[in-house]
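The values are calculated or read from the model by the stated rules, or taken from the named source; none is laboratory data. This is a predicted model, so every value here is computed, not measured. Cβ: placed from backbone, ideal geometry, glycine included. Neighbour counts: every protein chain shown. For the accessible areas, the whole protein counts, side chains as well, though only heavy atoms, and no ligand, DNA or RNA atoms are used. Shrake-Rupley method; radii C 1.70, N 1.55, O 1.52, S 1.80 Å.
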Amino acid sequence: MKNFEMALPNSVDEAVGLLPKTLSDDRARLLAGGQDLLTEMKEYLVEPDLVVNLKSIPDLDGVVWASDGSLEIGALTTLASLEKDASIAAAFPALVQAAASIASPQIRSAATVGGNLNQRPRCWYYRSEDYPCLKKGGTECFSYYGKNRYNAILGGGPSYIVHPSDLAPALVALGAEVQLISPRGERVLTLEEFFVLPSEGDVLRETRLAADEVLTRIRVPAPAAGQRSIYLKFKERDAYDFALAAVALVLQTDGDKLASCRLVLGAVAPVPWRCTRTERKLAGRPLGEELVALAAQDALADAEPLSENGYKVPLTQGLIAEAFEALTI
Amino acid sequence: MSARDQHGLAAPHGEFQIIGKPQRKIDGATKARGSALYTDDLCLPGMLHAKTLRSPHAHARILSIDTSAAQALPGVHGVITGQDMPTPYGVIPWTPDETALAVDKVRFIGDEVAAVAAVDEDTALCALDLIHVEYELLHSYQSPQDALERNEPAIHKNKRGDNVSKRVQLDFGEVDKAFETSPVVIEGDYSFHGSTHAAIEPHCALAQVDGNGLLTLWSATQITHYVHRALASVLDLAPHRIRVIQPAIGGAFGGKSDPFSLEFCVAKLAQITGRPVKMLWNREEVFYAHRGRHPMDMHYRTAADESGRIQSVDAKILIDGGSYSSFGLVTTYYSGQLLTGPYDFPTYRFDSTRVFTNKPPCGPKRGHGSVQPRFAFEVQLDELAVQLGMDPIELRRRNSIGPQTMTVNGQRITSCGFDECLEKVERASDWKSRRGKLEQGRGLGVAGSMYISGTNYAVYPNDMPQAGIQLKVDRSGVVTVFSGANDIGQGSNSMVAYVVAEELGLTLDMLRVVAADTDLCPVDLGAYSSRVTFMVGNAAIDASRKLRKLVVSSLAEHWEIEERRVRLVGGEALDLEDPTRHMTMAEAFQIAEVKHDTLGATGSYNTPTLGGDYRGGSIGASPAYSFSAHVVEVAVDEETGHLDVREVWCAHDCGKALNPTLVAGQIEGSVYMGIAEAIYENHQTNRFGLHAGPSLLDYSMATTLDTPEIKALIVESLDPEGPYGAKEAGEGPLHSAIPALSNAIFDAVGIRLRHLPFTPEVVLRALREKREAERQTASPGNNP
């Protein structure tokens, strides 16, 4: 690892003041739990001169319930504390299930919510120092022709990474917003807007976070009456692993009908993949096997698998069916 | 075989005191407390740190190497390239095709090109960036088929001018006739993917040259003696000027049984710089060093009669060797020679070809060369059972070879507890009442196997003992055991302590074991081929009995009684017939020392002449064979392809279980490793030859969360030649776990998985193909 300086700012304003103004200037990096940044630095994928440690800033961790029932999560809140919070588990089961599914207990006790949302791809071409891949300023996404069993089946091109976050699909399904602070002030985006497809923006990045911006808080709106949620993650092994596919589902029923739902897929696209069309098709339909089959079929109707990852289609369909069955049958 | 190498099954004094009872490992506490010293824990004054420059190309000629900028970097003390040590070596002396650093060519991405010693690792890494290598790229062979079809450019020079590493064709009996006349023939293609050992400790070596010019190498190796020989040859140094020591080791599994580049590099750099030099490979480099399980494409035919009796087996195997020979000659033989038990078949043929490819070199991994064919054959036997409508356990029982027999290829089977293994797993898994009656998606599968307990093939031919033990007695009562064996965590140091304590009536705290130090210990050939307990255990009995004789005779004379009345037990010597007469072993040793002068003894073991009378007949010929049977219970999720291995019952015939706790540990570790490589692990490279994911995240291994319930069932068919009847337990219990899993999946959901690994996509695809096939047969068009 290259030598670097570490800054310990006392406030968010001080922190963003230390950051470069342009995205092309990568001399500085933000450090929270360090679970992603340190692995990148050890592999020489990033070699910052300055590491800005957000942990020295007070009040960026912990959760607060607002009077309207919404939940504010500080960006430095650890995954372990989220996972253990009984009141969150009661209001937003999918969020706690997602947090608990991540990595190992050791990693969860250091890793933060903000860091999880901002983590970089796990594609092995990206993570291998030897590959000048598209995500690192190269000209080619090697996974398109190469070993792509873990890569995207939806929303791919020109990069075919999958977003590795487990919290992101769950939070998008729950309608979360993120607070971003820069020297220009504060702005709020829905988490869904926060993530950006490689075809829509800068292929080097996965989010709309500006160079001198910090994600400080996540707000999860109060659950609607009768809202149920679930996060299902399929891993190759039971121990710490990234998902091969994941499903976050939030829904409300109206008698024996589905009133509305939000269906978001993880590990199948470069962003948490919201199935808006499917959600609309399903709303108002009677619960039961037909609805489950329609959900599974329609959500993957646009899938374009690469040479080795066609299996993700039936796998994700199986997970969608399991999620609907768990919440409605 | 001389009589001195057989010691009988009986305890030295009626009943065993230590042997056969659960004991702790003698190094368990130091390892658990973190005080055991591994190679990387060792630091010497003035020590330099070395790193390796590796090839970024799969196959290329080296045109030039410029190290001048690296040499000039402050903090750099030495830079070496292939020209500094051009002498080729190989663990098998017939195939010396490796050099410490690439001399003229690189043969895989990760091949070692240069090494730097500097004041610290960071400086060494900076210096690597300053080494300029000019390459001329060559066609890279990424599949064994390509390497068979094309000869130019050859990966290694050989007389034939091809890329074949080794081919073995052996015929036993009239195979073609058997296939013509047998009513049932099953034929199919099977494949085994690559997997690696991933021992928790990466390779590490430290070298020092002292003021007298004596070179000492500390290394995480499982073959101290062969490393000693290779160092002498490559460094052109007299062997008596070299000492090799293996400190505590964090696992090996066959992955540390070759001499490795870093051992030569630290030695050479220590010679050049005059300072101690250490090199620790990182995890990525361990994946390049590899020597893991060979991928194999296997075609099998089995002929049987209606009663299920096997008439013949015919195998054709293509082995992907990777870029160097390593143990490849042996691998190629083992792929065929070790299949001829635990079933008796009258005719057999195999044709195995190992080819070079431009990938990390394959070598021996737990169950060397025989896990892959065992997978294919045991799945094929399951297919035979289905075709005959026969219970697969009954089919195996019907073909069981039994004790005191000879296999079709001339291997002598002495003890054999295979029938008992089958019976144990059948009973423990409640096979008879549960099989076929489980809920949808759940199934049971069975498989059996056989493995060697050592081999009489020493890698360099010689008539000296294969294992040696030396005992030294202190007046305090302590006996120091000098053992050449490499304890790689399997517990060989503990095993020799148990044996010596049993024979001399000592308690385990009176034993010290000094092992795997070429200056201090007699030669042992190394921890491979499951040879150590059998051979070193016998050597320990041999040495102990010589020493005991001296002590007992001295005491008999001292007490003026007959020798038979003297007992050594629990740290004391006593007169069986006069309870007032007893003394500590320390006093007993002192009395013996007065009579016999300084006390000590040596012991050794050598194999009898074994094996069929044909070329290669001695490879795989073992003084004894172990036997295993597995039943696996699996639940298959038909929606996601997820395999949940619920429980594995493994019965293993290890002869006498010298320490049942360690035997159970070996069984559990073997089952874990087999199931993990069947489901999770895949050592693969991409089309350029670059390792797909040289990290423990991308190369996913099972952890405790993924490990099924394992029931270890010990079978003890006492072996007439093993130490107290013991055989091996470290490798055998891996083999049949994998085919038993495949057979269980068939029982659960009706898909026959003949190609490893069993990932979710493989399971989902097979399920889809099965549904499509069923739809076609069910559609009216196909229905007459």
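DSSP assigns beta bridges within the protein assembly as shown; of those with both partners inside it, close to 80 percent run antiparallel.
Leaving out ligands and nucleic acids, note down the accessible area per residue over the stretch A:62-104 with a 1.4 angstrom probe, in whole Å².
Values: 1540 Å² over 43 residues.
For the stretch A:62-104, the per-residue accessible area is 36 Å².
Of the trypsin sites (Lys or Arg not before Pro) found in the stretch A:1-72, the ones in coil according to DSSP and having at most 16 other Cβ atoms within 10 Å of their Cβ are A:Lys2, A:Lys21, A:Arg27. Counts of other chain beta carbons within 10 angstrom of each beta carbon in peptide B:633-639 average 2. Working ranking of peptides B:765-776, B:647-658, B:415-426 by packing, defined as the average number of other Cβ atoms within 10 Å per residue, highest first, is B:647-658, B:415-426, B:765-776. Summing Lys and Arg as +1 and Asp and Glu as -1 over all other residues whose Cβ lies under 12 Å from the Cβ of B:Glu426 gives a net charge of +1. Provide, for chain A, the number of lysine pairs with alpha carbons under 15 Å apart, each pair being eight or more places apart or on different chains. Pairs that pass both the separation and distance tests number 5. Comparing each chain alone with all protein chains together (probe 1.4 Å, DNA, RNA and ligands left out), the residues of the stretch A:281-329 losing at least 50 Å² of accessible area are A:Tyr311.
Scattering from the stretch B:396-448 was approximated by placing one identical point on each alpha carbon and applying the Debye formula without solvent; log10 I(q)/I(0) at 0.13, 0.17, 0.22, 0.26 1/Å stands at -0.44, -0.64, -0.85, -1.03. Using only Cα coordinates, the Kirkwood hydrodynamic radius of chain B works out to 27.6 Å.
Identify the GluC sites (Glu not before Pro) of the stretch A:130-214 meeting these criteria: DSSP loop state and at most 14 other C-beta atoms within 10 Å of the C-beta. The partial results should precede the final answer.
Values: sites: A:Glu140, A:Glu177, A:Glu186, A:Glu192, A:Glu193, A:Glu200, A:Glu206, A:Glu213; in loops: A:Glu200, A:Glu206, A:Glu213.
In loop regions of the stretch A:130-214 (DSSP not H, G, I, E or B), the sparsely surrounded GluC sites (Glu not before Pro) are A:Glu200.
For the stretch B:687-775, the equivalent ellipsoid built from the Cα gyration tensor has semi-axes of 34, 22, 13 Å, listed from largest to smallest. As a ratio to 2.2 N^0.38 Å, the alpha-carbon radius of gyration computed for chain A takes the value 0.98. Treating each Cα of the stretch A:85-243 as an identical point scatterer and summing with the Debye formula, the log10 of I(q)/I(0) at q = 0.11 Å⁻¹ comes to -0.49. Highest mean first, the peptides B:589-601, B:541-553 sorted by other C-beta atoms within 10 Å per residue fall in the order B:541-553, B:589-601.
Tell me the per residue accessible area of the stretch A:189-245 using a 1.4 Å probe; a whole number in Å² is fine. Let's see the in-between values first.
Details: 2060 Å² over 57 residues.
Using a 1.4 Å probe on heavy atoms only, each residue of the stretch A:189-245 averages 36 Å².
What angle, in degrees between 0 and 90 and rounded to the nearest 10, separates the Cα long axis of helix A:312-328 from the longest principal axis of the Cα atoms of chain A? Tilt relative to chain A: about 60 degrees. Projecting the Cα atoms of B:His630, B:Thr598, B:Ile62 onto the charge dipole of chain B (Cβ charges, centred on the Cα centre) puts B:Ile62 farthest toward the positive pole.
Here the sum of -39500 (n - 2.57) over DSSP H runs of 4 or more residues, divided by the residues of the protein assembly as shown, equals -8000 deg cm²/dmol at 222 nm, to the nearest 500. For the protein assembly as shown, the alpha-carbon coordinates run over 99, 84, 71 Å along the three principal axes, in decreasing order.
For the segment B:758-770, counting C-beta atoms of other chains within 10 Å of every residue's C-beta and taking the mean gives 3.
Remark: the stretch B:286-371 carries 15 Å² of accessible area per residue (probe radius 1.4 Å; ligands, DNA and RNA excluded). Which of B:Gly75, B:Thr99, B:Thr273 sits farthest toward the positive end of the charge dipole of the protein assembly as shown, with +1 on the Cβ of Lys and Arg and -1 on the Cβ of Asp and Glu? Farthest towards the positive end: B:Thr99. When the Cα positions of A:Val313, A:Cys261, A:Ala323 are compared along the charge dipole of the stretch A:228-328, A:Cys261 comes out farthest toward the positive end, with charges on each C-beta of Lys, Arg, Asp and Glu.
Leaving ligands and nucleic acids aside, the A/B contact buries around 2500 square angstrom of accessible area in total at a 1.4 Å probe radius. When every Cα-Cα distance of the stretch B:643-750 is counted in 5 angstrom steps from zero, the calculated P(r) takes the values 2, 12, 19, 18, 15, 13, 10, 7, 4, 1, 0 percent. Here the protein assembly as shown has 50 percent of its accessible surface on carbon and sulfur atoms, given a 1.4 Å probe and all protein chains in place. Straight-line cross-link reach from B:Lys727 at under 28 Å between alpha-carbon atoms covers these lysines, not counting any fewer than eight positions away in the same chain: B:Lys21, B:Lys25, B:Lys31, B:Lys256, B:Lys365, B:Lys424, B:Lys472, B:Lys546, B:Lys549, B:Lys656, B:Lys711. Across the stretch A:157-171, computed HN-Hα scalar couplings (Karplus, 6.51 cos²θ - 1.76 cosθ + 1.60, θ = phi - 60°) run x, x, 9, 10, 5, 10, 6, x, 6, 8, 5, 4, x, 5, 5 Hz from first to last residue, x flagging Gly and Pro.
I need the trypsin sites (Lys or Arg not before Pro) found in the stretch B:22-79, filtered to DSSP loop residues with at most 14 other beta carbons within 10 Å of theirs. Intermediate results must be reported in sequence, preceding the final value.
Details: sites: B:Arg24, B:Lys25, B:Lys31, B:Arg33, B:Lys51, B:Arg54, B:Arg61; in loops: B:Arg24, B:Lys25, B:Arg33.
Sparse-neighbourhood loop trypsin sites (Lys or Arg not before Pro): B:Arg24, B:Arg33.
With distances taken between every two different alpha-carbon atoms, the stretch A:228-328 has a Kirkwood hydrodynamic radius of 13.7 Å.
Compared with its chain on its own, the stretch A:121-167 contains the following residues whose accessible area drops by 40 Å² or more in the full protein assembly (probe 1.4 Å; ligands, DNA and RNA excluded): A:Trp124, A:Tyr131, A:Lys147, A:Arg149.
The mean number of partner chain beta-carbon atoms within 10 angstrom of a residue's beta-carbon across peptide A:234-247 is 5.
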